[in-house]
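**Student:** Before anything else, here's the structure in question.
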Amino acid sequence: MTKKTPLYQTHVDLQAKMVDFAGYDMPVQYTSIKEEHAAVRNNMGLFDVSHMGEFRVEGPEALRFLQSVTTNDLSTIVIGQAQYSCIPNDAGGIVDDLIIYRLAEAAYLLVVNASNIEKDYNWIAARNQYDATLTNVSDQYGLLALQGPNALAFIDGLSDLDLSGLAYYHFRVGDLFGLSDIIISATGYTGSGGVELYIPSDSLVGVWNHLLEEGKAHGLSPVGLGARDTLRLEMGYCLYGNDIDDTTSPIDAGLSWITKLSKTENFPSKDLFITQKEAGVKRRLCAIQVEDRRVPRHGYQIFSEDSQLIGQVTSGTLSPTLEVPIGLGYIDAPYHKKGTAVLIDTGRKKLKAQVVKAPFVKVN
């Protein structure tokens, strides 16, 4: 049985097309993906992403604990700052990617993917040998993503906080619509700027309605997960379950920048990642642009021009901005280099494509 966020009935009332996503009934679109995509790129849009999971980690050894189970270096961030990271497994793969917020000197909020909430919690809890507590607070939080170039100025006008100088991957905590201790974070999954709002679950519907009402005059509209996917793909962002999973190395996935091998603490597969980095990648997650109208789909095989099997597509879509098919996929060295011509096998024909540099779209 699929789960529902507190906004389920609101989405139905807005005549959204609902789909099963990560075990939740979620809106894939309200009008059209292309229209909603353009709204976020050019103005702003509002997403319900309350299916995401949240854990609190706190205690004297909270930092040491998290350093031992994640790849990035949490010691580099201060209170009011967030960090993108991943949880490695013991076989060189990725349990999940996540964002970690430093709430206080010894208190952190972890935001994980909806499909991995139970898996992540059990994995992290099993490795807690520290003076720190791990609590699953997913049911307490609702999460809204207000994304787009005009989103920050809009929310700044509604909040008691001064958000005008809020830097990327930083957050502030304050009052909004009479609610206290609301986290307003300059994070998101679209590449077009904006914020994410952590709201008590029982207040989520009211905040959603208030934002849309206040935003009418500014062209604010609700946006579904369909446009969220096209927006993230245009930026070359990974989607767990497609582009990264338990079998993919963060080194191969282009996530060396969040895999801090020089930090003091050991974490699962650290030695393996060191070896991989020293040896050089045998394959790489690449951005691919197709010279055709057919979209590259997850699982399509990738061939060299001389018909050697060299990789596989992990994500694909028709870019609403460029109006050409784009995708991500793992490609063997040395074919992973920018400018390399490749062929994508749809089963009926082979599509001409080229390895390009992400992001596909330059956003101001």
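The values are calculated or read from the model by the stated rules, or taken from the named source; none is laboratory data. Just so you know, these numbers come straight off a predicted model, no measurement behind them. In this analysis, Cβ positions are derived from the backbone assuming ideal geometry, glycine residues included, and neighbour counts consider all displayed protein chains.
**Student:** Can you go through Val49, Val57 and tell me which one is within 25 Å of Asp246 (Cα to Cα), out of contact with any Asp or Glu (no Cβ under 9 Å at 6 or more places or on another chain) and surrounded by 16 or more Cβ atoms within 10 Å (Cβ to Cβ)? Working first, answer last.
**Tutor:** Numbers: Val49 fails: out of contact with any Asp or Glu (no Cβ under 9 Å at 6 or more places or on another chain).
Just one listed residue meets the conditions, Val57.
**Student:** Here's another thing I want to ask about it. Among the listed residues Phe273, Phe360, Phe303, which satisfies the condition of being under 21 Å from the mean Cα position of the chain (by Cα) and modelled with pLDDT of 95 or more? Steps first, answer last, please.
**Tutor:** Details: Phe273 fails: under 21 Å from the mean Cα position of the chain (by Cα); Phe303 fails: under 21 Å from the mean Cα position of the chain (by Cα).
Going through Phe273, Phe360, Phe303 in turn, the sole match is Phe360.
**Student:** A follow-up question, please. Just for region 116-137: of the residues that are under 23 Å from the mean Cα position of the chain (by Cα), surrounded by fewer than 19 Cβ atoms within 10 Å (Cβ to Cβ) and of a type in the set (S, T, N, Q), which one is nearest to Arg64 (Cα to Cα)?
**Tutor:** Thr135
**Student:** Here's something else I'd like to know. Criterion first (among the hydroxyl-bearing types (Ser, Thr, Tyr), assigned to a loop (DSSP other than H, G, I, E, B) and at pLDDT 95 or above) does Ser315 satisfy it? It would help to see each step written out before you state the result.
**Tutor:** Values: among the hydroxyl-bearing types (Ser, Thr, Tyr): yes; assigned to a loop (DSSP other than H, G, I, E, B): no; at pLDDT 95 or above: yes.
Spelling it out, it is not the case that Ser315 is among the hydroxyl-bearing types (Ser, Thr, Tyr), assigned to a loop (DSSP other than H, G, I, E, B) and at pLDDT 95 or above.
**Student:** So in region 289-303, with the set limited to residues that are surrounded by fewer than 14 Cβ atoms within 10 Å (Cβ to Cβ) and not acidic (Asp, Glu), which one is nearest to Asp97 (Cα to Cα)? First the steps, then the outcome.
**Tutor:** Here is the first cut: in region 289-303, the residues surrounded by fewer than 14 Cβ atoms within 10 Å (Cβ to Cβ) are 291, 293, 299.
Filter once more, keeping what is not acidic (Asp, Glu): 293, 299.
Numbers: Arg293: 32, Gly299: 21 Å.
That would be Gly299.
**Student:** Are any residues in region 180-194 surrounded by 15 or more Cβ atoms within 10 Å (Cβ to Cβ) and either more than 21 Å from Arg232 (Cα to Cα) or more than 18 Å from the chain's Cα centre (by Cα) (or both), and if so, which ones? Full working, then the answer.
**Tutor:** Step one: of region 180-194, the residues surrounded by 15 or more Cβ atoms within 10 Å (Cβ to Cβ) are 182-194.
Answer for region 180-194, where residues must be surrounded by 15 or more Cβ atoms within 10 Å (Cβ to Cβ) and either more than 21 Å from Arg232 (Cα to Cα) or more than 18 Å from the chain's Cα centre (by Cα) (or both): Ile182, Ile183.
**Student:** Pick from Gln147, Gln67, Gln140: which is surrounded by 20 or more Cβ atoms within 10 Å (Cβ to Cβ), among the polar types (S, T, N, Q) and under 27 Å from Asp25 (Cα atoms)? Explain how you work it out, then say what you get.
**Tutor:** On the way: Gln67 fails: under 27 Å from Asp25 (Cα atoms); Gln140 fails: surrounded by 20 or more Cβ atoms within 10 Å (Cβ to Cβ).
Matching residue, one of Gln147, Gln67, Gln140: Gln147.
**Student:** Select the strands (runs of 3 or more DSSP E) contained entirely in region 1-115, then report the ones holding at least 1 residues which are within 17 Å of the chain's Cα centre (by Cα) and among the small types (Gly, Ala, Ser).
**Tutor:** Working: elements: 17-21, 24-29, 45-48, 53-58, 82-88, 94-104, 107-112.
By residue number, 45-48, 53-58, 82-88.
**Student:** Go through region 226-264 and count every residue that is of a type in the set (D, E, K, R) and outside any helix (DSSP H, G or I). Lay out the reasoning, then the answer.
**Tutor:** Looking only at region 226-264, we keep the residues that are of a type in the set (D, E, K, R), and these are 228-229, 232, 234, 243, 245-246, 252, 260, 263.
Going one step further and asking which of them are outside any helix (DSSP H, G or I), we end up with 243, 245-246, 252, 260, 263.
So the answer is 6.
Let's see how each residue does on (1) among the aromatic types (Phe, Trp, Tyr); (2) touching a helix residue (DSSP H, G or I) at 6+ places or on another chain (Cβ under 7 Å); (3) touching a residue at least 60 places away in the same chain (Cβ under 8 Å); (4) under 21 Å from Thr187 (Cα atoms):
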site: Glu58; (1), (2), (3), (4): no, no, yes, no
site: Gln83; (1), (2), (3), (4): no, yes, yes, yes
site: Asn89; (1), (2), (3), (4): no, no, yes, no
site: Gly93; (1), (2), (3), (4): no, no, yes, no
site: Arg102; (1), (2), (3), (4): no, no, no, yes
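**Student:** For region 143-187, name all the residues that are among the aromatic types (Phe, Trp, Tyr) and in a loop (DSSP other than H, G, I, E, B). It would help to see each step written out before you state the result.
**Tutor:** Kept after step one, since they are among the aromatic types (Phe, Trp, Tyr), are these residues of region 143-187: 154, 168-169, 171, 177.
Within region 143-187, Tyr168, Tyr169, Phe177 qualify.
Conditions (1) within 26 Å of Pro250 (Cα to Cα); (2) assigned to a strand (DSSP E or B), marked per residue:
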{"position": "Ile288", "(1), (2)": "yes, yes"}
{"position": "Gly299", "(1), (2)": "yes, no"}
{"position": "Ile310", "(1), (2)": "yes, yes"}
{"position": "Glu323", "(1), (2)": "no, no"}
{"position": "Gln354", "(1), (2)": "yes, yes"}
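**Student:** Oh, and also: Could you please find all residues in region 195-205 being in a helix (DSSP H, G or I), surrounded by 15 or more Cβ atoms within 10 Å (Cβ to Cβ) and of a type outside the set (Val, Ile, Thr)?
**Tutor:** Within region 195-205, the first condition is being in a helix (DSSP H, G or I), and the residues that meet it are 201-205.
Still in the list and also surrounded by 15 or more Cβ atoms within 10 Å (Cβ to Cβ): 201, 203-205.
Those that are in a helix (DSSP H, G or I), surrounded by 15 or more Cβ atoms within 10 Å (Cβ to Cβ) and of a type outside the set (Val, Ile, Thr): Ser201, Ser203, Leu204.
**Student:** Please count how many residues of region 217-254 are surrounded by fewer than 16 Cβ atoms within 10 Å (Cβ to Cβ) and without any contact (Cβ under 8 Å) to a residue 60 or more places away in the chain.
**Tutor:** So the count comes out to 1.
**Student:** Which ones in region 255-288 are crowded, with 19+ Cβ neighbours inside 10 Å and in contact with a strand residue (DSSP E or B) (Cβ under 8 Å, 6 or more places away or on another chain)? Quick ask: steps written out before the conclusion?
**Tutor:** So the first thing to find is which residues in region 255-288 are crowded, with 19+ Cβ neighbours inside 10 Å, and the list is 255, 259-260, 267-269, 273, 276, 283-288.
Passing the criteria: Leu255, Thr259, Phe267, Pro268, Ser269, Phe273, Arg283, Arg284, Leu285, Cys286, Ala287, Ile288.
**Student:** Quickly run through region 1-28 and pick out the residues that are in contact (Cβ under 8 Å) with a residue 40 or more places away in the chain and on the phi > 0 side of the Ramachandran plot.
**Tutor:** Residues satisfying the conditions are Ala22, Gly23.
**Student:** Within region 71-91, how many residues are of a type outside the set (Asp, Glu) and either more than 22 Å from Ala114 (Cα to Cα) or in the same structural domain as Ile183 (by TED's automatic domain parsing) (or both)?
**Tutor:** Pass one, region 71-91, residues of a type outside the set (Asp, Glu): 71-72, 74-89, 91.
Retained after the next criterion (residues that are either more than 22 Å from Ala114 (Cα to Cα) or in the same structural domain as Ile183 (by TED's automatic domain parsing) (or both)): 74-81, 91.
Summing the residues that are of a type outside the set (Asp, Glu) and either more than 22 Å from Ala114 (Cα to Cα) or in the same structural domain as Ile183 (by TED's automatic domain parsing) (or both) in region 71-91 gives 9.
**Student:** I need the full set of residues from region 168-197 which are in contact with a Leu (Cβ under 9 Å, 6 or more places away or on another chain) and of a type in the set (Ser, Thr, Tyr), in order please.
**Tutor:** If the condition is that a residue be in contact with a Leu (Cβ under 9 Å, 6 or more places away or on another chain) and of a type in the set (Ser, Thr, Tyr), then Ser185, Tyr189, Thr190, Ser192 are the ones that fit.
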